[in-house]
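Reading through the structure tokens given below for one structure.
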Amino acid sequence: MDAGLKRELEAKVYAGERLSREDGVALYETDDLAWLGGLAHHVRTKKNGDVVHFNVNRHLNMTNVCSASCAYCSFQRKPGEKDAYTMRIEEAVRLAKAMENDQLTELHIVNGLHPTLPWRYYPRSLRELKKALPDVALKCFTATEIHWFEKISGLSASEILDELIDAGLESLTGGGAEIFDWEVRQHIVDHDTHWEDWSRIHRLAHSKGLKTPATMLYGHIEEPRHRVDHVLRLRELQDETGGFQVFIPLRYQHDFHDSKDGIIRNRLQARTTMATGADMIKTFAVSRLLFDNVPHVKVFWVMHGLDGAQLMLNHGADDMDGSVVEYKITHDADGFGTPNKLSREDLLELIRDAGFRPVERNTRYETIREYDGPVADRRESPQLMRF
């Protein structure tokens, strides 16, 4: 990138002007990560100050049985396969209640597209979970799952969302987005929920008063232009509805370790690696700069490693997803040795160590509790960062 273009882009960012598609592609092409990170950090600080948000949540995957076989996915199992499981609702309630003493505020539920489970299983699950944990927000189901529920129930997405909201649903999850551009999507996704239905369902959720996250799976076979296109589609939808609270870049997980049965389900494995640290920085920074109308950018530490997550907090992210517990969808594929769970104290230490002030939030991004900021001399000596 030449000096003139850098000055032009920097001027637009500091003036608060909306960046274009061409601007986004140009930003990905720069090798000046300090400059790019500085711009993203400026925007992140202008929107959120020195705060890093977090919550105390539990990820719960009630079934890994799935009718789809997406190319990147090692989570899914077919009926009868080894390690295939479907929880009884009572089991899901037991697992959720196990964190009750940790002052859990959110359950995050995503499942496979089970070919035979009846539609009624899902609202009944939410009702029982809400009965057991009335003060815990239910953040459940991707747009892909809602589209699947349309097929198995014969109901419209509007009717499905109304019943789920009545059962306690407070937010959809952001999954199923992957990469929207068909040039890439046709090679990675094995279901028929694409941009048209994904956006339709989130638009409908927003119209019913739900606030939702949006995601992007990056670092596989896509190119930077596909990432820019993905973000701009979401930015346009946000202009229309205002319903997205947070954007979450999800780092594609190359399977360093095969699943227990030895079957390689990730069909991208032979021709992919993983996003480098530099690519992570570019993705978070450019996303923060393009998303002028979404308040938060979240780093999911399970997919980026603990050190990588801390670094992203200095390159556009202001939110670090939570205590997690047993994130089955990608955890077995990572190469970081990340734990299954971080406690509230672990998260406070990570956030302070990165130089920020922790704020515990709920699903609606309302403040639950503010904490003291970092110790002033914590980073007097250089700290090792690993990717």
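The values are calculated or read from the model by the stated rules, or taken from the named source; none is laboratory data. Please read these numbers as outputs of a predicted model, since none were measured by experiment. Methodologically, a virtual Cβ is constructed for each residue, glycine included, from the backbone with ideal geometry; neighbour enumeration extends over all protein chains shown.
General remarks:
So that you can scan it fast, the table gives a plain yes or no per residue for (1) among the aliphatic types (A, V, I, L, M); (2) at pLDDT 95 or above:
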site: E223; (1), (2): no, yes
site: L268; (1), (2): yes, no
site: T276; (1), (2): no, no
site: W301; (1), (2): no, no
site: M312; (1), (2): yes, yes
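- Of the residues examined, L348 is one that is under 22 Å from T105 (Cα atoms) and modelled with pLDDT of 90 or more.
- Filter pass, L237 being closer than 17 Å to T144 by Cα, touching a residue at least 12 places away in the same chain (Cβ under 8 Å) and crowded, with 19+ Cβ neighbours inside 10 Å: no
- Single residue of the stretch 42-55 satisfying the filter (surrounded by fewer than 18 Cβ atoms within 10 Å (Cβ to Cβ) and touching a Gly at 6+ places or on another chain (Cβ under 9 Å)) that is nearest to E106 (Cα to Cα): D50
- Leading residue by the ranking (farthest from the chain's Cα centre (by Cα)) among those in the stretch 146-177 that are surrounded by fewer than 24 Cβ atoms within 10 Å (Cβ to Cβ) and under 14 Å from S199 (Cα atoms): S158
- Among the residues of the stretch 290-308, those identified as within 14 Å of Y252 (Cβ to Cβ), in contact (Cβ under 8 Å) with a residue 40 or more places away in the chain and in a helix (DSSP H, G or I) are M303, H304, G308.
- Residue count for the stretch 176-197, restricted to those that are in a loop (DSSP other than H, G, I, E, B) and not aromatic (F, W, Y): 11
- Any hit, the stretch 211-231, residues being over 24 Å from L113 (Cα atoms), among the hydrophobic types (A, V, I, L, M, F, W, C), surrounded by 21 or more Cβ atoms within 10 Å (Cβ to Cβ) and touching a strand residue (DSSP E or B) at 6+ places or on another chain (Cβ under 9 Å): yes
- Index of the failed condition, K46 passing every other in (1) at pLDDT 95 or above; (2) under 25 Å from the mean Cα position of the chain (by Cα); (3) closer than 23 Å to E170 by Cα; (4) part of a helix (DSSP H, G or I): (3)
- Taken over the stretch 67-103, residues that are of a type in the set (A, V, I, L, M) and part of a loop (DSSP other than H, G, I, E, B) amount to 6.
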